[in-house]
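All remarks here apply to the structure that follows.
The values are calculated or read from the model by the stated rules, or taken from the named source; none is laboratory data. Just so it is clear, the structure is predicted and the values come from calculations on it, not from any experiment. Positions of Cβ are backbone-derived with ideal geometry, glycine not excepted, and every protein chain shown enters the neighbour counts. These area figures cover heavy atoms from the full protein model, side chains too; ligands, DNA and RNA do not enter into them. Shrake-Rupley method; radii C 1.70, N 1.55, O 1.52, S 1.80 Å.
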Amino acid sequence: AMLSEHLITISKAEYESMQQRIEQSQSAVNSLEKRLHGLADNVPGMIYQFCLNSDGTMSIPYVSSGCQQIYELEPHCIQEDSQVTGSMVHPDDIALLEQTIMESAQTLQKWDLEWRIKTPSGVEKWLQGFSQPELQADNSIVWYGCIIDITQRKQTEIELAQINEKLEAKIQEKTLELQLSQERLQRLADKVPGMLY
């Protein structure tokens, strides 16, 4: 029964039933969160959430445990200091990284980039990032995406490019040798009386 405008009374049985439903809902939420974290932590690479606030500041509200393999850092280190991963970027790639993030922010188009980092232990890596930006109600932009280590692939590409360069140089060298041989033969043929066939 109503006691006042803002106060209602319910039976003990109804209260207990509501409490039970709240506990079941909380348990379902906890179970879902556990499953999502399990998925995120077992996906190759690192899943992340990157935020560009309306005042221009940046933050990384979430990173999966894959950051340990990629950046050699615990998730909380990256979440507490969003600049820590930026400080690892190769000097030649910083401008491109910043430019592509700003372009993605302006167009709200997917961000996709390959760049280099140097980890705290001194390992040089090639990374590839993919993410989709989403404009928020407060005019901030949040990217949801993943970063993967493509170092092996890049090393293979570089090695193949070097092999191709060597092959092309060898072909040019052999072509020049053949051309010189043909010229020598022609000069010889021009000096022999009669007809060569």
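Here are the numbers for this structure:
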item	result
Rounded to the nearest 20 debye, dipole of the stretch 80-127 from Cβ charges on Lys, Arg, Asp, Glu	100
Cα→Cβ-extended label distance, 7 Å offset, between SER87 and ALA13, nm	6.4
The chain, dipole about Cα centre (Lys/Arg Cβ +1, Asp/Glu Cβ -1), debye to the nearest 20	920
Answer label, with Cα Rg over 2.2 N^0.38 Å calculated from the coordinates and candidates (1) 1.10; (2) 1.94; (3) 0.98	(2)
Accessible surface, 1.4 Å probe, highest first, among residues VAL142, VAL84	VAL84, VAL142
Ellipticity estimate at 222 nm from DSSP helix runs (n ≥ 4, -39,500 (n - 2.57)) divided over the chain, nearest 500	-17000 deg cm²/dmol
Residues of type lysines that LYS170 reaches as a straight line, Cα spacing below 28 Å, ignoring anything fewer than 8 places off in the same chain	LYS154
Mean accessible surface per residue for the stretch 48-197, computed with a 1.4 Å probe while every protein chain stays in place, in Å²	68
Heavy-atom accessible surface of the chain: percent carbon and sulfur, 1.4 Å	56
Lys/Arg +1, Asp/Glu -1 at C-beta; the chain dipole; positive extreme among ASN139, GLN128, ILE163	ILE163
